[in-house]
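The values are calculated or read from the model by the stated rules, or taken from the named source; none is laboratory data. Remember, it's a predicted structure, so these values are computed and weren't measured experimentally. Cβ placement follows ideal geometry from the backbone for every residue including glycine, while neighbour counts extend to all protein chains displayed.
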């Protein structure tokens, strides 16, 4: 449908982005915010056409797509507000002390943009983590031009949104090259983009294989650049004993919904549930099994994801010591028209703690409506499982207050492997707010010090610069004595919004 | 003098550090701060013995060493204050909105420590960037155990300071393994430390070759880890035309001092001066040359650094189009006792803008009292030089207000390559304060988003974690409703110190 962008076209795009960078970085916070708001309006103005095309390309239901577009618009507008507010700039002012020995100079610091950002959109979020999604919005807020490589599985959707961004750019008198939208089904386009000297930072949401490849290319450059790849997480859920005594069935019903939400195609899908062998866990498994059997398979995002789900799930189920607990009893429609993705059958499996500890394959993400229940023989083994888990986006505890008090070692171990820890709820559903952390230790992401949801994500695309002994007239407004923007700054060690 | 730590010893040290990490991360900000203050006291208590040994090992003069120790103590105590104040934690609270659809959960976020930090100290700062230097202090503040690999050129000094840290750790009842001090003249020790799975982050100050090697090893791990390496910078100084009309001689005298300060062995040493061909630049060169001739060579830090200085300087001077402007007229004592470093002769060279643009070797750091003056034929060429410079820790403009106004493109280009921009002063002298940025784009450092001086450096060793729907009793004090620590937090979007 769309031809891959050629090497020559990439060269032109990157030259324009570099030129745009030098112009755009001088645009005020207000101008950047208004541009982001204009994108939100243009996205809204695409109306039903956008929902229709996205539905055809991703098989996602209309209601979900409408919600996701609303979320994307909220991201754009709320990050625009945050951009303008300027808290993220980390403005610091230390005024001169001329009679100190040696004299202390006037020094002022703030964040400035890193340069052109290449964004690789996600298959599972055609709006919120794609063309005008979180990475693009926060890069624009930081003052960086953006080059989006469309996800080939929803290239038409991406093309439409890309045009909306370009329209907003023209309306807001943004510099030429502030945004570019490229296509590339082959790895070559991505590689050329990452290796281009004018690319200064990369945002990615997708598989571990894909993200790690980008990370390696970026680090092998003559000048390495940061890559923010959100990749792989099985989002462990720990069922603690006292809580399970009273809430096994209720928890099972809640998790049947979370595991199968959106055909299990969320990065926060709970793919691992860890409990204590015994009657309560058996009750949990029985109810979960019953619920899962009732849930019909849903068409997955694209044929590649469906194929991969079947392959990874079958591989997991074939491992010694792994038993199937339940599979949806509605038969999936496997004979769909050519090119359409198949339907993923909700599936629950189980294994002992020892089996899990000894088999690294069982630690791998199975992207889809699948979850593995680990039966630990005691709390010591559960702690061992927690200590042997890879980095995760989220981890959840189903626990009473007593459970938390008694099993404090487990709680600490769990905190240490994840970016977000949830109590007595489900990991699916990522609230867009400042306190959200959507990120985590490797392999959940390539950089656990940052996250991709919430306005703090702007900081991924910026670095500090200090102005020493600088002429007041030429300081950026953000650092001027009179504080014309009214932003929060740390002045001689104290946070203040005063001039 | 000291044997290299063996692989078996490294294993024991890392096991202890990992255990200590799980204990120390729960220590309060106050406990961490008091530990840092105790280290400062123990360092002071080492008295004259420390200065004497450091002098013997580094050839640095007593006054400089006394100043550097005072600075190190100031770092420890001022970062302790910052640690306790908690601004760096980036605490965020978004309270629940139960009647939103879907309900918004209570989410709270703060920074938590990454894990054991391996620190490679600097040759040129035996106190301030070594054993109890900036990396160690900020890692302790963040809640991380520290493993220092002593710099082989001042292993005795490092050993003494290491013992002071261990004494403070015992006095403050820190967990065993909170600090370890290792020796390693060979690369093997460093490699084993970086590759150990319990090492979670690395701090380094030294050469580009060394830092890049650590960075590559860290990225090739199964689980890559962040490396903060401060490596290489030639700290360009731009002489703008109007300023030079009035201040050529004054600037030259100021820079003769800066270039030769501490035998030129500062990472912020001005190794490149860029001016406009003509009578003012000639006057500048003449005065600078005269001053340099008067400055006696000083003994360098160690034989390796001296050898490298001679080699790199001679190589630069041999390049076609490079002419020597001046060399110190005091003969260096080259026949020093075996094992003692030679004396680096202050040297100034010059080349045209075209020569510099065409020869990448001239862009490389010559660590020592050396600076290269670039004669540009016009401002366009000066801009071209700025645009072709690698990443730098600092860049300086000698400029009148008019110069800044007229040559705004140059000013923007210079901002884009450095971490700190200085007006009408010298880059040497790094003030320890929050607004300082000591870092910059590659190859100045491996991560331009962070710096190694000032309390913001604590953030290098931490990552955010979000608590969702968490039981209030079990939240960290930093995130409790009543704000028992009285720290600044962003509550529902607004910065506040209230409960």
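The sole residue among B:435, B:371, B:425 that is surrounded by fewer than 23 Cβ atoms within 10 Å (Cβ to Cβ) and touching a residue at least 12 places away in the same chain (Cβ under 8 Å) is B:425.
Let's see how each residue does on (1) under 22 Å from residue B:349 (Cα atoms); (2) buried (at least 24 other Cβ atoms within 10 Å of the Cβ):
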{"position": "B:214", "(1), (2)": "no, yes"}
{"position": "B:217", "(1), (2)": "no, no"}
{"position": "B:220", "(1), (2)": "no, no"}
{"position": "B:228", "(1), (2)": "no, yes"}
{"position": "B:234", "(1), (2)": "yes, yes"}
{"position": "B:237", "(1), (2)": "yes, yes"}
{"position": "B:246", "(1), (2)": "no, no"}
{"position": "B:266", "(1), (2)": "yes, no"}
{"position": "B:269", "(1), (2)": "yes, yes"}
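Just one of the listed residues (B:333, B:345) is surrounded by fewer than 21 Cβ atoms within 10 Å (Cβ to Cβ) and in contact with a strand residue (DSSP E or B) (Cβ under 7 Å, 6 or more places away or on another chain), and it is B:333.
Yes/no matrix, rows are residues, columns are (1) more than 14 Å from chain A (Cβ to nearest Cβ); (2) more than 19 Å from the chain's Cα centre (by Cα):
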{"residue": "B:116", "(1), (2)": "no, yes"}
{"residue": "B:130", "(1), (2)": "yes, no"}
{"residue": "B:141", "(1), (2)": "yes, no"}
{"residue": "B:150", "(1), (2)": "yes, no"}
{"residue": "B:159", "(1), (2)": "yes, yes"}
{"residue": "B:168", "(1), (2)": "yes, yes"}
{"residue": "B:193", "(1), (2)": "yes, yes"}
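Screening segment A:3-54 for residues that are outside any helix (DSSP H, G or I) and more than 26 Å from the chain's Cα centre (by Cα) and picking the one that is surrounded by the most Cβ atoms within 10 Å (Cβ to Cβ) gives A:27.
What are the residues in segment A:448-462 that are assigned to a loop (DSSP other than H, G, I, E, B), in contact with a helix residue (DSSP H, G or I) (Cβ under 8 Å, 6 or more places away or on another chain) and at the interface with another protein chain (Cβ under 9 Å from one of its Cβ atoms), if any? Within segment A:448-462, A:449, A:450, A:451 qualify.
So which residues in segment B:425-445 are in contact with a helix residue (DSSP H, G or I) (Cβ under 6 Å, 6 or more places away or on another chain) and more than 7 Å from chain A (Cβ to nearest Cβ), if there are any at all?
B:426, B:428, B:432, B:443
Take the conditions surrounded by 20 or more Cβ atoms within 10 Å (Cβ to Cβ), under 30 Å from residue B:454 (Cβ atoms) and out of contact with any strand residue (DSSP E or B) (no Cβ under 8 Å at 6 or more places or on another chain) and apply them to residue B:413. Does it pass?
Numbers: surrounded by 20 or more Cβ atoms within 10 Å (Cβ to Cβ): yes; under 30 Å from residue B:454 (Cβ atoms): yes; out of contact with any strand residue (DSSP E or B) (no Cβ under 8 Å at 6 or more places or on another chain): yes.
Yes, satisfied.
Residues that are at pLDDT 95 or above and more than 22 Å from residue A:81 (Cα to Cα) were ranked within segment B:484-499; the one that is nearest to the other protein chains (Cβ to nearest Cβ) is B:487.
Do we have residue B:462 as more than 28 Å from the chain's Cα centre (by Cα), surrounded by 23 or more Cβ atoms within 10 Å (Cβ to Cβ) and either at pLDDT 95 or above or closer than 27 Å to residue B:256 by Cα (or both) here?
Spelling it out, it is not the case that residue B:462 is more than 28 Å from the chain's Cα centre (by Cα), surrounded by 23 or more Cβ atoms within 10 Å (Cβ to Cβ) and either at pLDDT 95 or above or closer than 27 Å to residue B:256 by Cα (or both).
Residue A:112 fulfils the conditions (1) touching a strand residue (DSSP E or B) at 6+ places or on another chain (Cβ under 6 Å); (2) within 14 Å of another protein chain (Cβ to nearest Cβ); (3) outside any strand (DSSP E or B) except for a single criterion, (3). Of (1) touching a residue at least 24 places away in the same chain (Cβ under 8 Å); (2) in a helix (DSSP H, G or I), residue B:198 satisfies all except one. Which? Single failed check for residue B:198: (2). Taking segment A:377-412 as the range and being under 28 Å from the mean Cα position of the chain (by Cα), facing another protein chain (nearest Cβ under 8 Å) and assigned to a helix (DSSP H, G or I) as the test, the residues that pass are A:411, A:412. Each residue in segment B:463-483 was checked for being at negative phi, more than 7 Å from every other protein chain (Cβ to nearest Cβ) and either assigned to a helix (DSSP H, G or I) or touching a residue at least 12 places away in the same chain (Cβ under 8 Å) (or both), and 8 pass. Can you find a residue in segment A:220-228 that is more than 21 Å from residue A:149 (Cβ to Cβ) and not in a helix (DSSP H, G or I)? Yes: segment A:220-228 contains one or more residues that are more than 21 Å from residue A:149 (Cβ to Cβ) and not in a helix (DSSP H, G or I). Please determine whether any residue of segment B:135-152 is assigned to a helix (DSSP H, G or I) and farther than 30 Å from residue B:486 by Cα. Checked segment B:135-152: at least one residue is assigned to a helix (DSSP H, G or I) and farther than 30 Å from residue B:486 by Cα.
Scanning segment B:413-424 for residues that are within 8 Å of chain A (Cβ to nearest Cβ), part of a loop (DSSP other than H, G, I, E, B) and over 16 Å from residue B:251 (Cα atoms) gives a single hit, B:416. Among strands (runs of 3 or more DSSP E) entirely within segment A:232-339, having at least 1 residues that are touching a helix residue (DSSP H, G or I) at 6+ places or on another chain (Cβ under 6 Å) and at pLDDT 95 or above singles out A:272-276, A:323-327.
Every residue, every condition in (1) within 23 Å of residue B:266 (Cα to Cα); (2) surrounded by fewer than 24 Cβ atoms within 10 Å (Cβ to Cβ), yes or no:
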| position | (1), (2) |
| --- | --- |
| B:131 | yes, no |
| B:145 | no, no |
| B:155 | yes, yes |
| B:158 | yes, no |
| B:171 | no, yes |
| B:181 | no, yes |
| B:188 | no, yes |
| B:195 | no, yes |
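The residues of segment A:198-212 that are over 15 Å from the mean Cα position of the chain (by Cα) and buried (at least 20 other Cβ atoms within 10 Å of the Cβ), listed by number, are A:199, A:200, A:201.
Check whether at least one residue in segment B:161-179 is touching a residue at least 40 places away in the same chain (Cβ under 8 Å), out of contact with any helix residue (DSSP H, G or I) (no Cβ under 9 Å at 6 or more places or on another chain) and not in a helix (DSSP H, G or I), and report yes or no. No, segment B:161-179 contains no residue that is touching a residue at least 40 places away in the same chain (Cβ under 8 Å), out of contact with any helix residue (DSSP H, G or I) (no Cβ under 9 Å at 6 or more places or on another chain) and not in a helix (DSSP H, G or I).
Screening B:76, B:65 for residues that are crowded, with 24+ Cβ neighbours inside 10 Å, more than 14 Å from chain A (Cβ to nearest Cβ) and either in a helix (DSSP H, G or I) or without any contact (Cβ under 8 Å) to a residue 40 or more places away in the chain (or both) leaves exactly one candidate, B:76.
Quick grid of which residues meet (1) farther than 26 Å from residue B:305 by Cβ; (2) at pLDDT 95 or above; (3) out of contact with any strand residue (DSSP E or B) (no Cβ under 6 Å at 6 or more places or on another chain):
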{"residue": "B:31", "(1), (2), (3)": "yes, yes, yes"}
{"residue": "B:35", "(1), (2), (3)": "yes, yes, yes"}
{"residue": "B:46", "(1), (2), (3)": "no, yes, yes"}
{"residue": "B:52", "(1), (2), (3)": "no, yes, yes"}
{"residue": "B:55", "(1), (2), (3)": "no, yes, yes"}
{"residue": "B:71", "(1), (2), (3)": "no, yes, yes"}
{"residue": "B:76", "(1), (2), (3)": "yes, yes, yes"}
{"residue": "B:82", "(1), (2), (3)": "yes, yes, yes"}
{"residue": "B:99", "(1), (2), (3)": "yes, no, yes"}
